[in-house]
Amino acid sequence: PRSRPAHEPGPGAGAGATLNLPLAEGTRDATWLEVVRRLADWAAGADALVYLLDGRLLAVTASGEVRVRAAKLLRLDAPELTAYRAAHDALLTDAGEPRWRQRLSDVCEWAWPAFVEPLREIVSGPGRVVLVPVGELGAVPWHAARNGARHALSELTFSYAASARQLR
């Protein structure tokens, strides 16, 4: 991926770019730099803090590098996510357990190509990641993502946070 300073605008900057932040103090990006430094300090025990967004992953690595990866299947309107949410809601209101179990299985299969594959471009090998899923993506058990007999939880250690602010 092409490296790009955080302050360099451009079309598609977030699609697969690695954003390096070697900014000097006092620049117009000092606030952003401070945010990234705090996240990197916190992430010292993790390989990455990863925001799950509609169509992309935004990660801050333990070294303070910000990486954005396209995740084309990671969509709020993905049929697997929509069906899972509907089945979950039915489970809370009636006897929808068999349907929910099938939708849970479907969403875990979907989560591998939607999330794990793009994540592996950021974190290779075994590691620890802190996930911050945004909006409806917070309903998915990302640690249970699977590809056949291959499970995300057996390759990575996951923690969840509602926001980076929670990690102070």
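Computed over protein heavy atoms with a 1.4 Å probe, the accessible surface of segment 44-121 works out to 47 Å² per residue. Measuring with a 1.4 angstrom probe and ignoring ligands and nucleic acids, THR93 comes out at about 110 Å² accessible.
Report in % the part of the accessible area of segment 50-162 that belongs to carbon and sulfur, leaving out ligands and nucleic acids; probe 1.4 Å.
So the carbon and sulfur contribution to the accessible surface is 54 percent.
Only Cα pairs under 8 Å and 6+ residues apart enter the sum, and on that basis the relative contact order of segment 69-168 stands at 28 percent. The distance between label points at SER154 and VAL134 comes to 3.3 nm (points 7 Å beyond Cα on the Cα→Cβ vector).
Compute the FRET efficiency between SER63 and GLU117 as 1/(1 + (r/R0)^6), taking r as their Cβ-Cβ distance and R0 = 25 Å, and round to the nearest 0.05. Before the final figure, lay out the partial values.
On the way: r = 22 Å, r/R0 = 0.90.
Plugging the Cβ-Cβ distance into 1/(1 + (r/R0)^6) gives 0.65.
Using only Cα coordinates, the Kirkwood hydrodynamic radius of segment 55-133 works out to 14.0 Å.
The values are calculated or read from the model by the stated rules, or taken from the named source; none is laboratory data. Predicted model only: the values in this text are computed from it and were never measured. Counting neighbours? That spans all protein chains shown, and the Cβs are built from the backbone with ideal geometry, glycine included. Only protein heavy atoms, including side chains, enter the accessible area calculation; ligands, DNA and RNA are left aside. Shrake-Rupley method; radii C 1.70, N 1.55, O 1.52, S 1.80 Å.
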